[in-house]
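Reading through the structure tokens given below for one structure.
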Amino acid sequence: MTATGAGSTSGDRLLALLTERSYAKREVTLASGKKSDFFIDCKQTVLTAEGHALVGARMLDALTAFGEVDAVAGVELGGCPLASAVALVSFQRGTPLDAVYVRKEAKDHGSQRLLEGDTRLAKGARLVILEDVITTGGSTKKCVEKLRAAGYEVAGVVALVDRDEGGRQNLEAVGLKVEAVFTRGDFPR
């Protein structure tokens, strides 16, 4: 288990849920187009009541590596429940952080917004991006561009799972600090 996930009953339980509900040892084509011998769909864990509470606590704990932040941002779709879970747990702990959702594309109707939940943030606000799984870091980089274009500072990224396939290195190469709750090595081979 990684340093962020190690040594706690909640971390152990979250890993057990991810392994049971989200992990599959099978060949799959990833969003990056790469082939992999395993698949992890974190939503199957995160969207349960227990998984939501556990992921909110573990990811909020991981945010301490970034110092003071103003909000957390989740990329549509997998990062949105992560941001909501962290926002809820942060409020319960008395250290409220609001959530921002980052759309892949701006809405083509209504408000036509690319970001949801950011209207109360000051320009220059410091955000951390929450990702369910990092493979190459491509979707995270796009999210960073959107947040920066809107006038926010991106302090870094917390991933629930780092597949150890170069994503962390790609993000660090563009100056982003990356923390992972779990990595590929935490799951069965």
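Numbers for the structure displayed
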| read-out | value |
| --- | --- |
| Residue in region 99-107 that is over 15 Å from Ala180 (Cα atoms) and among the aromatic types (Phe, Trp, Tyr) present | yes |
| Residue within region 78-97 that is over 14 Å from the mean Cα position of the chain (by Cα), surrounded by 18 or more Cβ atoms within 10 Å (Cβ to Cβ) and in a loop (DSSP other than H, G, I, E, B) present | yes |
| Qualifying residue in region 41-49 (condition: crowded, with 19+ Cβ neighbours inside 10 Å, in contact with a Pro (Cβ under 7 Å, 6 or more places away or on another chain) and not charged (D, E, K, R)) | yes |
| Verdict on Thr119 being part of a loop (DSSP other than H, G, I, E, B) and surrounded by fewer than 16 Cβ atoms within 10 Å (Cβ to Cβ) | yes |
| Residues that are polar (S, T, N, Q) and modelled with pLDDT of 90 or more, drawn from region 74-123 | Ser84, Ser90, Gln92, Thr95, Thr119 |
| Some residue of region 56-77 being buried (at least 18 other Cβ atoms within 10 Å of the Cβ) and hydroxyl-bearing (Ser, Thr, Tyr) | no |
| Per-region count, region 65-74, residues among the aliphatic types (A, V, I, L, M) and in a helix (DSSP H, G or I) | 1 |
| Yes/no for Thr136 being assigned to a loop (DSSP other than H, G, I, E, B), under 20 Å from Val178 (Cα atoms), of a type outside the set (D, E, K, R) and over 13 Å from the mean Cα position of the chain (by Cα) | yes |
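For every residue, the table says whether it meets (1) modelled with pLDDT of 95 or more; (2) in contact with a Cys (Cβ under 8 Å, 6 or more places away or on another chain).
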{"site": "Ala125", "(1), (2)": "yes, no"}
{"site": "Ile129", "(1), (2)": "yes, yes"}
{"site": "Val158", "(1), (2)": "yes, no"}
{"site": "Asp164", "(1), (2)": "no, no"}
{"site": "Val174", "(1), (2)": "no, no"}
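The values are calculated or read from the model by the stated rules, or taken from the named source; none is laboratory data. Predicted model only: the values in this text are computed from it and were never measured. In this analysis, Cβ positions are derived from the backbone assuming ideal geometry, glycine residues included, and neighbour counts consider all displayed protein chains.
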